[in-house]
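Right, one structure below, let's go through it.
The values are calculated or read from the model by the stated rules, or taken from the named source; none is laboratory data. Treat the numbers as computed from the prediction; the structure is a model and nothing was measured. Here Cβ is always computed from backbone atoms with ideal geometry, including for glycine, and neighbour counts include all displayed protein chains. SASA here: full protein model, heavy atoms, side chains in, ligands and nucleic acids out. Shrake-Rupley method; radii C 1.70, N 1.55, O 1.52, S 1.80 Å.
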Amino acid sequence: MNSTTSTTSIESLTLEVTDVAAAERFYSAFGLGSRVRLRASEEPTTGFRGFSLSLTVSQPADVRSFVDAAIEAGATVLKPASKSFWGYGGVVQAPDGAIWKIATSAKKDTGPATRKIDEMVLLIGAADVAESRQFYVDQGLRVAKSFGRKYVEFATADSSPVKLALYGRRALAKDVGVPVDGTGSHRIALGTTGGAFTDPDGFAWEEA
């Protein structure tokens, strides 16, 4: 068992993009500020990169506000904002290729949009959720929620900018509205204070 118990949270999240200046303009207009870091990369990647990023907000008005801002900044709509059994949400793909889901469990607005982000979650589409779950437990992460081989959410420190969760790769692709096939680089790196490692699905953690 790995003794790196300090890897209990993601200290930073870096997206690797072809055009850093263009990505900076997009994420500034999208409203994420310093929540994501950017760095240049020409690593080949095609199709589904095996992850999505989710923003949890308080009401449908905020979902629409973020989705509209993303579209205006150049994002592609994968799933229009709409009601669902679980609440209200939409999915967009940034010009750099990253997939973003904006959602709320509320189905009705209680006021005007505040554009406040309650939570940001990195969802990794694992080939084997149980195997990846055990890997992360061995790295020192603590499971907060678990639904067998379908979904796992890890506990994070209050200071962490993003939560980590695992979902089946095929189920995640379906959820965000893209074909499951994809090869090459994930184009994402996770910063931690607990040492560098790579998970079973090829996601890289590095010193923050």
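Quick notes on this structure:
- Treating each Cα of region 42-118 as an identical point scatterer and summing with the Debye formula, the log10 of I(q)/I(0) at q = 0.12, 0.17 Å⁻¹ comes to -0.33, -0.62.
- Looking at region 51-152, the chymotrypsin sites (Phe, Trp or Tyr not before Pro) that sit in a DSSP loop and have at most 13 other Cβ atoms within 10 Å of their own Cβ are F85, W86.
- For region 159-166, 3J(HN,Hα) per residue [Karplus equation, 6.51 cos²θ - 1.76 cosθ + 1.60, θ = phi - 60°, Hz, x = Gly/Pro]: 7, 5, x, 8, 8, 10, 9, 10
- For G74, no residue whose modelled amide H falls within less than 5 Å of its own remains once neighbours fewer than 5 places apart on the same chain are excluded.
- With the helix formula -39500 (n - 2.57) applied to DSSP H stretches of n ≥ 4, the chain reaches a computed 222 nm mean residue ellipticity of -6000 deg cm²/dmol.
- Environment charge of R25, counting only residues whose C-beta is closer than 13 Å and scoring Lys/Arg +1, Asp/Glu -1: -4
- Solvent-accessible area per residue for region 2-109 (1.4 angstrom probe, square angstrom): 46
- Within region 84-118, the trypsin sites (Lys or Arg not before Pro) that combine a DSSP coil assignment with at most 16 other C-beta atoms in a 10 angstrom radius are K107, K108, R115, K116.
- Here the chain is treated with +1 on each Lys and Arg Cβ and -1 on each Asp and Glu Cβ, and its dipole about the Cα centre works out to around 860 debye.
- Loop GluC sites (Glu not before Pro), region 6-65, which have at most 15 other Cβ atoms in a 10 Å radius of their Cβ (DSSP): E42
- Rounded percent of accessible protein surface that carbon and sulfur make up, the chain, 1.4 Å probe: 51
- Relative to its Kirkwood radius, the Cα radius of gyration of the chain gives an Rg/Rh of 0.94.
- Label reach from D118 (point 7 Å along Cα→C-beta): in region 152-167, no amide nitrogen lies under 12 Å.
- Antiparallel bridges, percent of DSSP beta bridges restricted to the chain (to nearest 5): 65
- Summarised as an ellipsoid, region 83-143 has semi-axes of 29, 16, 12 Å, derived from the eigenvalues of the Cα gyration tensor scaled by 5 and square-rooted, with the largest first.
- Averaging the Cα positions of each part gives two centres, and for region 60-75 and region 85-112 these lie 9 Å apart.
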